[in-house]
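Everything below concerns the one structure shown next.
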Amino acid sequence: MRDQGRLVEWFDDQGYGFIQPKDTSKARVFLHMKDFAKRGPRPIVGCALEYNVAVDGKGRFAAKSVVYLNAQQTRSQSATFEQFPQTQSSKLDKMTIAIIIYWLVLFTLDTMGKLPSAYFLLSIICSLATYFLYKKDKTAAVSGAWRVPEATLHLFSVLGGWSIAWFMQQKLRHKTQKQSFRQVYWLTVLLNIVLVVVVAAGKLTL
């Protein structure tokens, strides 16, 4: 069956990514570099593609005999693609600074006795757990295995793992395109900060 869509995620160093069909009710389609109908420019996020849909050995929907719908569009998007890392880098730098400040404040409050020692320890444990959960979920997304529920990722984010969640999202390019997930993620950041303030104010004990 022939279908069309846009590339929404691409790991150039590993040569694979995911296509979102025009019909957004359809599941994303796995794409590997070797499945292009002929050699050409390497794909970039946002390029329009046409392809056959098949089921691969792992049970995933996979794109075969892939062609670019508009070669000119692919070239014209290159400039935008070149500029993207700078914008993303700037955003990453701001978040990195914010995260460093957050952990410094957390450490200071802990050393001043404003936070129960259990809270600081819980934040560290949740951060480590978040790292492994994101790594597991990304691997599952690629292989088609059982996924980690989004509610679990958000729960650990609220409990103190949001900073690691941010880094894992950027490093793995995971959960960065799904707006509903991103909105809830930012809510978990806010809830965690509120939780720190409430605990530090002595209104909640652990």
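So which residues in the stretch 150-169 are farther than 13 Å from A129 by Cβ and exposed (fewer than 15 other Cβ atoms within 10 Å of the Cβ)? Answer for the stretch 150-169, where residues must be farther than 13 Å from A129 by Cβ and exposed (fewer than 15 other Cβ atoms within 10 Å of the Cβ): just A151.
Condition test on V196, is it under 30 Å from A27 (Cβ atoms) and in a helix (DSSP H, G or I)? Explain how you work it out, then say what you get.
Numbers: under 30 Å from A27 (Cβ atoms): no; in a helix (DSSP H, G or I): yes.
For V196, the condition - under 30 Å from A27 (Cβ atoms) and in a helix (DSSP H, G or I) - is not met.
The set of residues in the stretch 149-206 that are at pLDDT 90 or above and closer than 16 Å to L121 by Cβ comprises F156, L159, G160, G161, S163, I164, N192, L195, V196. Going through (1) in contact with a Ser or Thr (Cβ under 9 Å, 6 or more places away or on another chain); (2) buried (at least 17 other Cβ atoms within 10 Å of the Cβ) one by one, L7 falls short only on (1). Residue count for the stretch 1-16, restricted to those that are at pLDDT 90 or above and of a type in the set (A, V, I, L, M): 2.
Listed by first and then second residue, the pairs linking a residue in the stretch 17-33 that is under 10 Å from G5 (Cα atoms) and in the same structural domain as V53 (by TED's automatic domain parsing) to a residue that is of a type in the set (G, A, S) and at pLDDT 90 or above, with Cβ atoms under 7 Å apart and 6 or more places separating them unless they lie on different chains, are I19/G5; I19/A63; Q20/G5; P21/G5; K22/G5; V29/G5; V29/A62; V29/A63. Of the helices (runs of 4 or more DSSP H) contained entirely in the stretch 116-183, those carrying at least 1 residues that are more than 16 Å from the chain's Cα centre (by Cα) and of a type in the set (F, W, Y) fall at 117-143.
The values are calculated or read from the model by the stated rules, or taken from the named source; none is laboratory data. Remember, it's a predicted structure, so these values are computed and weren't measured experimentally. Reconstructed Cβ throughout: ideal geometry from the backbone, glycine too, with neighbour counts over all protein chains shown.
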